[in-house]
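The values are calculated or read from the model by the stated rules, or taken from the named source; none is laboratory data. Quick caveat, the model's predicted, so the values are computed rather than measured. Cβ sites come from the backbone with ideal geometry, for glycine too, and all protein chains shown count toward neighbours. SASA here: full protein model, heavy atoms, side chains in, ligands and nucleic acids out. Shrake-Rupley method; radii C 1.70, N 1.55, O 1.52, S 1.80 Å.
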Amino acid sequence: MKVVIIGAGVAGLAIGWKLAVGGAKVVVLERAQVGNGATLVSGGMLAATAELGSVSSPDADFARQANALWPDFAAALEAQSGFAIGYRRNGALLLRLKGEAARPEGPLSGERTALTADAARQMEPLLGAEIENAIFAPHEAQVDSQALCRALAVCFVQAGGEVRATETAVRFELTGGRVTGVVTPFTTHRADAFVIAAGAWSARIEGLPPEAVPPVVPVKGEIIVLSPPAGVAVPSHVVWGNGVYIVPRRERVLVGATMELAGFDTSLTKSALTWLRRQAEGLMPSLKDWRLSEHWAGLRPAAPDGLPLLGQSVDGLFVASGQYRNGILFAPAVADVLSRLILERIAVDPAFDPRRFAGTKSPLIVPQTPHKEGGNGAWPTVS
Ligand SMILES: Cc1cc2nc3c(=O)[nH]c(=O)nc-3n(C[C@H](O)[C@H](O)[C@H](O)COP(=O)(O)OP(=O)(O)OC[C@H]3O[C@@H](n4cnc5c(N)ncnc54)[C@H](O)[C@@H]3O)c2cc1C
């Protein structure tokens, strides 16, 4: 079987790897370079609890399923590619500040433990005096999403896959209602199956009937990276609170992320930088002395209901998009369900059916961060 996948982000590469290992001949088309989209700028958190809580819902269940696949997925990627991907399952602290309403947590279990502020500060000495209490989620993990993409690309190519960088999928060709080709500036690729894994740009490939176009909208996110003064250790855990998260990565911390409907704009804004710094300093006051070393922006792919879009769209065409805030976490599960659907016709959870909005008008409901109101202050140098 020949499969053409559009997009070399975490989704396209993970699906491609799984399909290639399963015996398919796979080509991934990427309009820029591997990991060029949201995957590159992601926080890399595998945050099933922090993002989706402890209730049962289609996406929370899928997140837990993905989380359970991660240890083997990471081990196989590292062993086969020869690259470390920074996978660490060392838990996350979910903080509540003084004066903040309690999170609707549900019953605590072995998955989450309640901590006093002092106990949280013992785990993370940089935490300030404003902490009221915390929850420790020991199963939360993280991965270096940039290293992840490189390792995925290596594994995919080793398994016989082909990445065609700087080749944009422009238009699908249909024959009798079935997608039979995709046109790029260089050629028309023919295949038995096509997969749209083009992230926030998934709705932009021409030629499909309207009901088959994945209803994906970009949700902009900005992240800043801070470096410690000499001799100061970075935190050991991912920390959530005050509207942001702090992720230790390679002796620095990532602070993210804004949420904004801004079309396909990925400009870096002073208002986001100021807001992210201020919120993070509300958790760890000494971060005010850390140097800004990078500032990124990217686009999350979101469906109107915030659930992933996974499944068949029209004959010959499959969709792996809409992973929104959890595309890194979901990756091994997305690869599993899409490869089983394509190779073995095993159905995906209907809650993720990419055609579920056909004929309806569904407003996109996205919480946006209030960073635009906090845009004062000098524009510091990024080094
Ligand atoms: C600031 C930020 C922080 C995030 N943090 C986390 C996190 O901590 N944990 C988590 O799980 N998720 C996180 N996410 C979400 C996660 O990054 C995304 O859900 C995930 O990366 C989506 O992966 P993807 O492969 O579907 O899309 P992308 O990574 O965006 O890849 C799509 C690829 O398709 C290519 N492409 C697009 N159109 C075409 C075309 N026509 N032809 C050829 N190629 C095309 C693009 O160039 C791109 O390389 C974050 C996102 C952002 C923006």
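Measuring how big region 276-337 is from its alpha-carbon positions, Rg and Dmax come out at 17.9, 56 Å. Spacing of the modelled spin labels on Leu268 and Ser236, each 7 Å from Cα toward Cβ, amounts to 3.2 nm. For Leu174, the residues 5 or more places off, or on other chains, whose built amide H falls under 5 Å of its own are Thr180.
Please give the net charge around Gly23, taking every other residue with its beta carbon less than 12 angstrom from that of Gly23, where Lys and Arg add +1 and Asp and Glu add -1.
+2
Summarising the strand pairing of the chain, around 70 percent of its internal DSSP beta bridges are antiparallel. In the context of the full protein assembly, Ser267 retains an accessible surface of approximately 50 Å², using a probe radius of 1.4 Å and ignoring ligands and nucleic acids. Restricting the calculation to Cα atoms, region 67-172 shows an Rg/Rh of 1.17 when the hydrodynamic-style radius is the Kirkwood one. Using a probe of 1.4 Å, the accessible surface attributed to Phe83 totals some 70 Å² when neighbouring protein chains are kept in position. For region 216-290, the convex hull spanned by the alpha carbon atoms encloses 102 Å³ per residue. Rolling a 1.4 Å probe over the protein heavy atoms of the chain, with every protein chain left in place, gives an accessible area that is 54 percent carbon and sulfur. Rounded to the nearest Hz, the phi-derived 3J(HN,Hα) couplings of region 4-20 under the Karplus curve 6.51 cos²θ - 1.76 cosθ + 1.60 (θ = phi - 60°) are 10, 10, 9, x, 10, x, 4, 5, x, 6, 5, 5, x, 4, 4, 5, 5, where x marks glycine and proline. Assuming charge only on the beta carbon of Lys and Arg (+1) and of Asp and Glu (-1), the dipole of the chain about its Cα centre is about 480 debye to the nearest 20. Roughly how far apart, in whole Å, are the Cα centres of region 168-188 and region 1-27? Cα centres, region 168-188 to region 1-27: 17 Å.
Only one residue of Val55, Val27, Leu254 has its Cα farthest out toward the positive end of the dipole of the chain, where Lys and Arg carry +1 and Asp and Glu -1 on Cβ, and that residue is Val27.
Cα-based values for region 16-91, radius of gyration first and Dmax second, are 14.9, 39 Å.
Sparsely packed loop sites in region 282-368 (the trypsin sites (Lys or Arg not before Pro) outside DSSP H, G, I, E and B with at most 15 other Cβ atoms within 10 Å) comprise Arg345, Lys361. Does region 243-373 come out rounded, prolate or oblate, given a ≥ b ≥ c as the square roots of the eigenvalues of its C-alpha gyration tensor, rounded meaning a/c under 1.5 and, failing that, prolate meaning a/b above b/c? Prolate shape, in that a/c is at least 1.5 and a/b is the bigger ratio.
Extending 7 Å from Cα along the Cβ direction at Glu251 and again at Ala114 yields two label points whose distance is 4.1 nm.
The modelled label-to-label distance for the pair Thr166/Gln122, using points 7 Å beyond Cα in the direction of Cβ, is 5.7 nm. At a probe radius of 1.4 angstrom, the accessible area of region 1-143 per residue rounds to 41 square angstrom.
Taking N as the number of residues in region 108-225, what is its Cα Rg relative to 2.2 N^0.38 Å? Walk me through the numbers before you get to the answer.
Working: Rg = 23.0 Å, N = 118, 2.2 N^0.38 = 13.5 Å.
Scaled against compact globular proteins, the figure is 1.70.
Positive end of the dipole of region 145-302 (Cβ unit charges, origin at the Cα centre): among Thr166, Phe194, Val213, the Cα lying farthest that way belongs to Thr166. Annotation: Cα Rg of the chain relative to the compact-globule expectation 2.2 N^0.38 Å equals 0.99.
For Lys372, the accessible area of its heavy atoms, probed at 1.4 Å with every protein chain present, is near 130 square angstrom.
Once the Cα atoms are used to define both axes, helix 58-81 deviates from the longest principal axis of the chain by about 80 degrees.
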